[in-house]
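Okay, structure first, notes after.
The values are calculated or read from the model by the stated rules, or taken from the named source; none is laboratory data. Just so you know, these numbers come straight off a predicted model, no measurement behind them. Backbone-built Cβ (ideal geometry, glycine too); neighbour counts: all protein chains shown. Ligands, DNA and RNA are excluded from the accessible area calculation, which covers all protein heavy atoms including side chains. Shrake-Rupley method; radii C 1.70, N 1.55, O 1.52, S 1.80 Å.
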Amino acid sequence: MPRKVPSAGESRLALVRRARRINRILAETYPDAHCELDFGSPLELLVATILSAQCTDKRVNMVTPVLFAKYRTADDYAAADREELEEIIRSTGFYRAKANSIIGMAQALCERHGGEVPGRLADLVELPGVGRKTANVVLGNAFGVPGITVDTHFQRLVRRFGWTTETDPVKIEHEVGDLFPKAEWTMLSHRLIWHGRRICHARRPACGACPAASLCPSYGTGPTDPAEAAKLVKPGPFS
Ligand code: SF4
């Protein structure tokens, strides 16, 4: 039976050690963890990440082959017929706002960056429709620059693990980032997102089937009975 780990009173050193042990367990559990959005260039990843807001990666991946075949450069998006673009991306939801973001982002790329996606956080977050989360996805996965992606899964899991009590995404990013070497940030983000999608669900996490259970202070949030928990596990893939 996994031990319930109290996080109250845990020293900083113990927290860092526990966090890194959890990261190692998740690395063994999800050796193939990666960005589940399909892309072939920084621009494609930027567009796919904008489309992924309030939408599954799987749905985005159904839309992007047609989109990427039609619009190949920032110039193409900047000059896009809005209605045509909206029609292609409609099934991802919030398609009007997303079309605005994509066209505005592409126009800014053409005006400020010669049509290329910049590889710096400060430049990326200045683009219309691009927040810190999107910028870190692009940096980590298209440029190899370590970045922490604080999405809904990441936020839920780091609080359940007792790594932070913050609710503000930027504060979470910094607090969690301080627990790990920078080189781990991108893969850590993928592993947590994979674990959140497959086992540590928002409602009814599969605690009885969780490889990190012995290190998790939230063990027991979901069913601990192995047979019951096993039924809750979603094997993926999600793309
Ligand atoms: S599934 Fe349960 S034990 Fe595993 S990380 Fe989530 S809350 Fe903790």
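Among T165, T73, which is the only one that is within 16 Å of the ligand (Cβ to nearest atom) and surrounded by fewer than 17 Cβ atoms within 10 Å (Cβ to Cβ)? Exactly one residue qualifies, and that residue is T165. As a summary of the residue check, D123 satisfies the conditions (1) surrounded by 14 or more Cβ atoms within 10 Å (Cβ to Cβ); (2) closer than 20 Å to C55 by Cβ except for the one numbered (2).
Taking each residue of region 93-113 that is more than 12 Å from P128 (Cβ to Cβ) and open to solvent by less than 30 Å² (accessible area, probe 1.4 Å) and looking for partners that are at pLDDT 95 or above and among the basic types (K, R) with beta-carbon atoms closer than 9 Å, six or more apart or interchain, yields G93/R59.
Would you confirm whether any residue within region 224-237 is open to solvent by 30 Å² or more (accessible area, probe 1.4 Å), away from the ligand (no atom under 16 Å from the Cβ) and outside any helix (DSSP H, G or I)? Yes, because at least one residue in region 224-237 is open to solvent by 30 Å² or more (accessible area, probe 1.4 Å), away from the ligand (no atom under 16 Å from the Cβ) and outside any helix (DSSP H, G or I). Note on region 140-159: residues that are closer than 19 Å to R20 by Cβ, of a type outside the set (V, I, T), modelled with pLDDT of 95 or more and buried (at least 20 other Cβ atoms within 10 Å of the Cβ) total 2. The condition of being outside any helix (DSSP H, G or I), among the charged types (D, E, K, R), open to solvent by 20 Å² or more (accessible area, probe 1.4 Å) and more than 10 Å from the ligand (Cβ to nearest atom) holds for only one of R203, R191, that being R203.
Screening A183, A209 for residues that are more than 14 Å from the ligand (Cβ to nearest atom) and not polar (S, T, N, Q) leaves exactly one candidate, A183. Taking (1) under 30 Å from L127 (Cα atoms); (2) at pLDDT below 95; (3) open to solvent by 20 Å² or more (accessible area, probe 1.4 Å); (4) touching a helix residue (DSSP H, G or I) at 6+ places or on another chain (Cβ under 6 Å) in turn, E36 satisfies each apart from (3).
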